[in-house]
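Enquirer: So that we are looking at the same thing, I have put the structure below in structure tokens.
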Amino acid sequence: MRNALIIICIFLPILGGIRLLLFPPETERARRIRCEVNVCVTSALVLLLILGGTVEPYTVFSFTRGFRIMFHLDGLGMLYAGMVASMWPFVTLYAYEYMDHAEHKTAFFSFYTMTYGVTLGVCFAGNILTLYVFYEMLSLVTIPLVCHYQDPDSMYAGRVYAGYVVGGAAAALIPVMMTTMYETSAFVRGGHSFDVLPENFKLLIFLTGFFGFGVKAAVIPFHSWLPTASVAPTPVTALLHAVAVVNSGVFAIMRLTWYVFSPDSLTGTWAHTIALAASFMTLLLAAGKALRERHVKRRLAYSTVSNLSYMLYGVMLLTPEGFRAGMSHMLFHGIIKMSLFLCIGAFMHQSGKSYVYEVNGAGKKMPLIFTFYTLGALSLTGIPLLCGFISKWNLLSAGASVGTVFAYIGEACLVGAAFFCGIYTLTVTVRGFFPSKGSDQWKNTDLCDPGWRMLLPIGVFTAANVLFGIFPGPVMGFLERIVEGTL
């Protein structure tokens, strides 16, 4: 029964999105109801599935040399699926108001709903081949969302995005094929040895997978698609930059490192050194790029590039503490960045402006939005009593416990990136609430906070930010069980 529920959770939104595209409803209200019901029912089923505990791997289709399409539910899948299921209904609600006056809304919500189901396919994949299939389906179904406005900037962004993800797919296919040929089992905590492969060849395969999947995780130099894709509607960029696409890259690397290859066999190798160095170099360099960026959404996009490599840094420490820290940052960064993107999207929607200097004085007219934004910015910087502090502290603690030169370099990069983060996020707050004399361009305008459909999701994510910052115990206990392999 629970095996069938996994299939239902994946294909209910996919088929619902296809139906919406092929047989659009006659009224906008009917489209909204159909879309929201589909998403909410799927989320309820996913949460019910998670509450029921793990599901053992099972095969739905098998073909030559052990290549199988398999699904399962373990602790890591629960974490990612829980994030997706909790966030998608709220962002869909936000999208109704944001897209009120947009064109091609039926196509938008069709692909938006399909993306939900495909992302769940990544969450519930039982082996590397199945993960790869849904991972690449995710690329295809999100290209129309990036190109939604169909203007020159959007079409260019779609081409750049497609070029990067196709290239990443080609690289990632190599470890998928090689590991599937020599090991037909499902994901296993602790990975497989692959003793039949020469040592350096095995490490090269791993590194190819790290950078192949790392394209969606925006590892430098394969990161430029992410800021470019910020031309998409904000509900798309929020999910691309906080949950679906970018976290699918991190999630795939977690699976590759801890459930396909063995962390013990990677520790201290040249491949380990390269992957770890790529992670901490990305998180610092991208934070520097965010500091120089003047477009508010692209600034947050560069911030996402940086924070994705916070997660990869934790994972590539190849210690249980690092793995737990990486997972905690994946969860908490998703909450924070979702709030920040939705706040900036609300400002852009209400004002029609999109640059940092155009924020001057807007906080006085949009007090709720800029208060929520400020709490998110403080959390992302790592201020205590907010959830960003918990994950960044865990990352620093995990790096210190390793005690190697590369780990200490990574620690220094983490601190430097956090310092940059405080500057590039909080300058927006300062400009919003405390503009310099004569620069308040919103003083005599009717700019105001948006309606409840935009405010409610932002308020929910802000509340989660504060709640997990004050009471992180249950979440960290859950992550500890994943690390221990009891989930």
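Each value in this text was obtained by applying a stated rule to the coordinates, not by laboratory testing. Fair warning: this is a prediction, and the values are worked out from it, not measured in the lab. Ideal geometry is used to build each Cβ from the backbone, glycine not excepted, and the neighbour counts take in all protein chains shown.
Enquirer: For Lys443, which lysines qualify as cross-link partners when the Cα separation must be under 20 Å and same-chain residues fewer than eight apart are set aside?
Expert: Straight-distance partners of Lys443: Lys353, Lys364, Lys365.
Enquirer: Assign unit charges at the C-beta atoms only (+1 for Lys and Arg, -1 for Asp and Glu), then state the dipole size of the stretch 1-261 relative to its Cα centre in Debye, rounded to the nearest 20.
Expert: Roughly 340 debye for the stretch 1-261.
Enquirer: Could you give the nm distance between label points at Leu47 and Thr486, where each point is 7 Å from its Cα heading toward the beta carbon?
Expert: Distance between the two pseudo-spin positions: 2.5 nm.
Enquirer: Let me ask you something else. Once amide H atoms are built 1.01 Å from N in the peptide plane, which residues 5 or more positions from Phe71, or in another chain, come under 5 Å H to H?
Expert: Close amide H contacts, sequence-distant or interchain: Tyr58, Val60, Gly126.
Enquirer: Can you tell me the orientation of helix 199-214 relative to the chain, as the angle in degrees between its alpha-carbon axis and the longest Cα principal axis, to the nearest 10?
Expert: Tilt relative to the chain: about 20 degrees.
Enquirer: Apply the Karplus curve 6.51 cos²θ - 1.76 cosθ + 1.60, θ = phi - 60°, to the phi angles in the stretch 119-129 and return the couplings in whole Hz, x for Gly and Pro.
Expert: Coupling constants for the stretch 119-129: 4, 5, x, 5, 4, 8, 4, x, 8, 5, 5 Hz.
Enquirer: What range in the chain is the longest one free of GluC sites (Glu not before Pro) that are in a loop by DSSP and have at most 11 other Cβ atoms within 10 angstrom?
Expert: In the chain, the maximal stretch lacking such sites is 104-487.
Enquirer: Taking neighbour counts of Cβ atoms within 10 Å as a proxy for exposure, in what order, fewest first, do Lys105, Lys392 appear?
Expert: Lowest count first: Lys105, Lys392.
Enquirer: For a footprinting-style exposure proxy, rank Tyr424, Tyr310 by other Cβ within 10 Å, fewest first.
Expert: Exposure proxy ranking, most exposed first: Tyr424, Tyr310.
Enquirer: In the stretch 277-316, which residues have a backbone nitrogen under 13 Å from the label point lying 7 Å from Ala412's Cα in the Cα-to-Cβ direction?
Expert: Flagged as within label range: 281.
Enquirer: Pulled fully out, how much extra length does the chain show between Met1 and Ala107, if you take 0.36 nm times their separation in residues and subtract their Cα-Cα distance?
Expert: So the extension gain works out to 34.8 nm.
Enquirer: Continuing with the same structure: Can you give the direction-averaged projected area of the convex hull of the alpha-carbon atoms in the chain, in nm²?
Expert: It is 21.4 nm².
Enquirer: Could you put Lys202, Lys289, Lys216 in order, starting from the residue whose Cβ has the fewest other Cβ atoms within 10 Å?
Expert: Lys289, Lys202, Lys216
Enquirer: Right, next: At 222 nm, what helix-only mean residue ellipticity would the chain give, in deg cm²/dmol to the nearest 500, using -39500 (n - 2.57) for each DSSP H run of four or more?
Expert: That comes out to -24500 deg cm²/dmol.
Enquirer: Above 30 angstrom, tally the Cα pairs of the stretch 1-261 and express them as a % of all pairs, no decimals.
Expert: Taking all Cα-Cα pairs of the stretch 1-261, the fraction more than 30 Å apart is 28 percent.
Enquirer: Given the stretch 267-487, report the % of alpha carbon pairs whose separation exceeds 34 Å.
Expert: Result: 18 percent of Cα pairs exceed 34 Å.
Enquirer: Using 5 Å bins from zero, what percent of all Cα-Cα pairs in the stretch 247-370 falls into each bin?
Expert: Once binned at 5 Å, the Cα pair distances of the stretch 247-370 give 2, 11, 18, 19, 15, 11, 9, 7, 5, 3, 1, 0.
Enquirer: Determine the relative contact order of the chain: mean sequence separation of Cα pairs under 8 Å and six or more apart, normalised by residue count, in whole percent.
Expert: Relative contact order, the chain: 14 percent.
Enquirer: For the modelled label position 7 Å from the Cα of Arg294 along Cα-to-Cβ, which residues of the stretch 219-246 have backbone nitrogen atoms closer than 14 Å?
Expert: No residues fall inside that zone.
Enquirer: Using the alpha-carbon atoms, what tilt in degrees (0 to 90, nearest 10) does helix 473-484 show relative to the longest principal axis of the chain?
Expert: Tilt relative to the chain: about 30 degrees.
Enquirer: Would you mind computing, in nm to one decimal, how far apart the modelled labels at Asn200 and Ile423 are, each placed 7 Å from Cα along Cα→Cβ?
Expert: Going by the 7 Å Cα→Cβ label model, 4.3 nm.
Enquirer: Rounded, prolate or oblate for the stretch 323-386? Axes are the square roots of the Cα gyration tensor eigenvalues, ordered a ≥ b ≥ c, and the cut-off for rounded is a/c under 1.5.
Expert: Judged from the Cα gyration tensor, the stretch 323-386 comes out prolate (a/c at least 1.5, a/b above b/c).
Enquirer: Restricting to Cα pairs below 8 Å that are 6+ residues apart, what does the relative contact order work out to for the stretch 308-435? Please round to a whole percent.
Expert: 32 percent.
Enquirer: Over the Cα atoms of the stretch 17-128, each weighted equally, I'd like the Debye log10 I(q)/I(0) at q = 0.18 Å⁻¹, rounded to two decimals.
Expert: -0.91
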